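What follows is one structure encoded as structure tokens, with my remarks underneath.
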Amino acid sequence: MALPKRKKSKSRRDKGRTHWKLTAPTVVKCPQCDEPKLPHRACPSCGFYKGRAVISAKA
């Protein structure tokens, strides 16, 4: 099994982690009720998906 010949410095280690960022989730507006929702999912407030009621709406 291969092993590193030298210790990787903290600077080099951290340079490899520069793009390990969290991204905010994409939120779209529901066409039925204009509430924010995740794309490709049923709206939690009105229960519609692709123009059809697929789940019962919250009271």
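The values are calculated or read from the model by the stated rules, or taken from the named source; none is laboratory data. Every value quoted in this text rests on a predicted model; they were computed, and no experiment measured them. Glycine also receives a Cβ, built like all others from the backbone with ideal geometry; neighbour counts cover every protein chain displayed.
Counting only residues that are outside any loop (DSSP other than H, G, I, E, B) and either surrounded by 10 or more Cβ atoms within 10 Å (Cβ to Cβ) or of a type in the set (Gly, Ala, Ser) (or both), segment 41-59 holds 3 of them.
Count of segment 9-40 residues, restricted to those that are surrounded by 10 or more Cβ atoms within 10 Å (Cβ to Cβ), charged (D, E, K, R) and in a loop (DSSP other than H, G, I, E, B), is 2.
Picking from residues in segment 16-29 that are modelled with pLDDT of 95 or more and among the hydrophobic types (A, V, I, L, M, F, W, C), the one that is nearest to residue 52 (Cα to Cα) is 28.
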